[in-house]
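Before any comments, here is the structure.
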Amino acid sequence: MPNPLKYNKKFDELNEEEKKLLAINKKTIADFVEQSSSISDVNYATRNAHAKTYAAAKGTLWIEPDIPESLQPFFDKDKFDLIIRFSNAQLKIQNSKKDIPAYGFAVQIRDEKGLLLANYPLVNFPLFPVNSVSTFLKLFTAVNKFYIKKWSSLFPLLFQVIKMIPSLLTGDMIRHTIRLFRKRNDFILSFDYYSIGAYRLGDQMIKIKLCPQSVDKNTGRKQKMKDSLQNYLQAQDFTADVLIQICYNLKDQPINKLNVEWKNAPFIKIGEVRINKDSLLDSRDCTTELLSFNPFESKIFFQPVGKIQKLRDEAYRVSVQTRRKINKLLHGKNS
């Protein structure tokens, strides 16, 4: 294999127009979070994405004994402790039996002292529909305004959605959208999960894929997803393979083009995520809801790469700061 392409901070840099749009977007994020308790009809300020928690659990990352030598410095232990949050991508929390099949599998990795090493918010769709930072910011701003102002912001939202359509028409996007539609009723733990964007692994850049082992896709078909997931994790062990791809060149493995899959980059198994049965955290404990999986809190050599990823850094920061402010006013506690 060729030598991996090295990380360069230029992959993350925004131009002046993008910075101005980001400032506007951050204001709408703060406005959304400030009003999120009434938007979702709950007694706390919610996240501005993946607001609905299904469950959280303790787990373990077991490292493969024969991983490539170049990766060994980053996985110098046999195992690492995990905290995992399962979620739905909707901004608004709804107590409905049927959720859209957009799921999150957020992983927090800690060392033997309990110190944070990395956060990886994975999702069950491998691609992102927008490559243009400007288009994404305008769309995200319109979505936030729609939830706050409702019908008065409908037409700006529709306009931004229409502008996004061309980037939805790649072969990879169409294929995975059809696949997701066919799996729309499947159990949450039967999906593969992906990092979408790239992450640093030292000077290398990688994408992550998590593949569950032997999970029945028909589990809990007649239950709400939250109930079926919690029942499963209370009664059964769960195991998933952890695979990575390494970036070798921008033509085959683009960093800032997220609506196509990486090519000519074989998957390398680095370990397994295991959740032993009855390892659920108490969903009634407020500390479960207040867990943070911000990937920019990771050690610097595990952090996200790319322009769209950079936007997430700013969005997480504003969202967390606003949540903490509001929840402290509501309950006298930080979040």
Legend entry - Where Rh is the Kirkwood radius over Cα pairs, Rg/Rh for region 231-286: 1.22
Legend entry - Fraction of accessible area attributable to carbon and sulfur, region 153-265 (%, probe 1.4 Å): 55
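Counting only heavy atoms of the protein chains, get the accessible area per residue of region 161-284 (1.4 Å probe) and round it to a whole Å² value. Please list the in-between numbers first.
Details: 6180 Å² over 124 residues.
That works out to 50 Å² for each residue.
The values are calculated or read from the model by the stated rules, or taken from the named source; none is laboratory data. Please read all numbers here as calculations on a predicted model, not as lab measurements. Heads up: the accessible areas ignore ligands, DNA and RNA and are worked out on the full protein's heavy atoms, side chains in. Shrake-Rupley method; radii C 1.70, N 1.55, O 1.52, S 1.80 Å.
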